[in-house]
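Trainee: One structure, pasted below without further comment.
All of the numbers you see were taken from the coordinates with simple rules; none came from a lab. Keep in mind it's a predicted model, so treat the numbers as computed, not measured. Virtual Cβ from ideal backbone geometry, glycine too; neighbours counted across all protein chains shown.
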Ligand code: DI6
Ligand code: FE
């Protein structure tokens, strides 16, 4: 495949020291799946043998968005639970009455692989239609070897679809399945036994757990992480979402790629994350949908130079979010991020949260993953509440049309 030129763009490269890495009257030269050159159109070398040209008409171009935390694969949905919560029931009450995660686990187990694929495919279409070119997908609604395997296989199958890269995460330590009632340690034994099998089938890129009073303890989480370490798999953690369990510090001891949620994160956790280089993945969709009030410690994270990412946390219970640009808006309004921090959070820092070094910015040698928006300035990505401004999505040098 030869060179392709994408011209007449205002490019927020997020590379270099300029705000947004902004290049006006810019162009991108694509060689196969990679960027050969990004710069001012006037500086483009002469005499290049260009096979195809695309006119972007002055559109804003950003790196492809990276959603670094989703639970995209599940059966059913929980709209009726949303209605119950609006009538005053709490998330915990619903969970105790057999709803919540348990109801999604039952629906996921009952669904065929085809149905799981079709449901997740539809949701992925919507996220891609809003600019996502890389997505992390967790298991965690199967909770048996067979059902976790199916979910991870569906995630891998989605990764073979055009226009997207999928990173898989094993989250069997998400909730205690009914058959292990009262035997959480026994379930963690099983979670640790399944991991090498699924890893042996190339289904696992990273390992996660839900470390919380209503889920698994730091000691149980540590056992899952020990197993991940033995297999050479990176870890990440749902930490400090509803209380401070010291989860972030624990994950940092295992060199975690990221610690996610973090509303209750304390000074020790921040220091440990800074030391380990872990990314703080903030999830404003869940904060909003659960009407939480406790804010993640954004200022302290900034002072400690912990990179901040923003993700959808797409899941049927606490964040049925299908637009990453909307999450940027929520991250600014609720968490006080600047619009530039928010965009970096869904690109550069999100790539880092997934351990990916070949994307997240637009510069020579990186993947040609970029989005053309019907917007004038990158601030607008975080400014509009909804709306649909994504015009063209290019993933690995190929335009993705839905
Ligand atoms: N934290 C959450 O907010 C989701 N999972 C997690 O570990 C909730 C998932 C659900 O309610 O289905
Ligand atoms: Fe989550």
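Trainee: Return an integer: the convex hull volume of the alpha-carbon atoms of segment 21-169, in Å³ per residue.
Mentor: 161
Trainee: Using the Kirkwood formula over every pair of different C-alpha atoms, what hydrodynamic radius in Å results for segment 299-402?
Mentor: Mean inverse Cα-Cα distance, inverted, gives 14.8 Å.
Trainee: Run the helix sum for the chain: -39,500 (n - 2.57) per DSSP H stretch of 4+ residues, divided by residue count, reported at 222 nm to the nearest 500 deg cm²/dmol.
Mentor: Only helices count here, giving -10500 deg cm²/dmol.
Trainee: Do you know the relative contact order of the chain, to the nearest whole percent, from alpha carbon pairs under 8 angstrom that are 6+ apart?
Mentor: 20
Trainee: Over all directions, average the projected area of the Cα convex hull of segment 106-241 and note it in nm². All intermediate terms of the calculation are to be shown ahead of the outcome.
Mentor: Details: hull surface 33.2 nm².
Result: 8.3 nm².
Trainee: Can you check what the Kirkwood hydrodynamic radius comes to for segment 178-298, Cα pairs only, in Å to one decimal? Don't jump to the answer; show the numbers that get you there.
Mentor: On the way: mean 1/r = 0.0677 Å⁻¹.
The Cα-based Kirkwood calculation yields 14.8 Å.
Trainee: On C-alpha positions alone, give me the angle between the axis of helix 100-110 and the longest principal axis of the chain, in degrees, nearest 10.
Mentor: 80
Trainee: Rounded to the nearest angstrom and ordered from largest down, what semi-axes does the equivalent ellipsoid of the chain get from its C-alpha gyration tensor (root of 5λ)?
Mentor: Over the Cα atoms of the chain, the semi-axes work out to 36, 22, 20 Å.
Trainee: While we're on this one: Between segment 1-28 and segment 280-295, what is the C-alpha centre distance in whole Å?
Mentor: That distance is 33 Å.
Trainee: Could you rank the peptides 238-248, 58-68 by their average count of other C-beta atoms within 10 Å per residue, with the highest value first?
Mentor: 58-68, 238-248
Trainee: Between residue 363 and residue 144, how many nm apart are label points set 7 Å from Cα along the C-beta direction?
Mentor: Label at residue 363, label at residue 144, 5.0 nm between them.
Trainee: What is the diffusion coefficient of segment 1-87 in µm²/s, taking the Kirkwood radius over Cα pairs and the Stokes-Einstein relation at 37 °C with a viscosity of 0.692 mPa s?
Mentor: 206
Trainee: Relative contact order for segment 258-402: what percent, with Cα pairs under 8 Å and sequence separation of 6 or more?
Mentor: Contact order relative to length: 20 percent.
Trainee: In addition: Using only Cα atoms, tell me the angle between helix 324-335 and the longest principal axis of the chain; keep it within 0 to 90° and round to the nearest 10.
Mentor: 70
Trainee: Gain in length, residue 275 to residue 45, computed as 0.36 nm per residue apart minus the alpha-carbon separation, to one decimal in nm? Could the numbers behind the result be given before it?
Mentor: Numbers: separation 230, 0.36 × 230 = 82.80 nm, distance 4.28 nm.
Stretched out fully, the residue 275 to residue 45 stretch lengthens by 78.5 nm.
Trainee: So how do 310, 23 line up by other beta-carbon neighbours within 10 Å, fewest first?
Mentor: The fewest-first ordering by Cβ neighbours comes to 23, 310.
Trainee: Taking the 0 to 90 degree range and rounding to the nearest ten, how far is the long axis of helix 267-276 tilted relative to the main principal axis of the chain, both from C-alpha atoms?
Mentor: 60
Trainee: At what distance in angstrom do the alpha carbon centres of segment 120-166 and segment 310-361 lie from each other?
Mentor: Each part's Cα centre sits 17 Å from the other's.
Trainee: Percent antiparallel among DSSP beta bridges with both residues in the chain, to the nearest 5?
Mentor: Beta bridges within the chain, antiparallel portion: roughly 45 percent.
Trainee: Same structure, new question: To check my understanding: the extent here is largest minus smallest coordinate of the Cα atoms along each principal axis. What are those three numbers for segment 49-134, in Å, largest first?
Mentor: Each principal axis gives a Cα extent; for segment 49-134 these are 65, 31, 18 Å.
Trainee: Separate question: Mind listing P(r) for segment 251-319? All alpha-carbon pairs, 5 Å bins, whole percents.
Mentor: Final binned percentages: 3, 19, 29, 23, 15, 10, 2.
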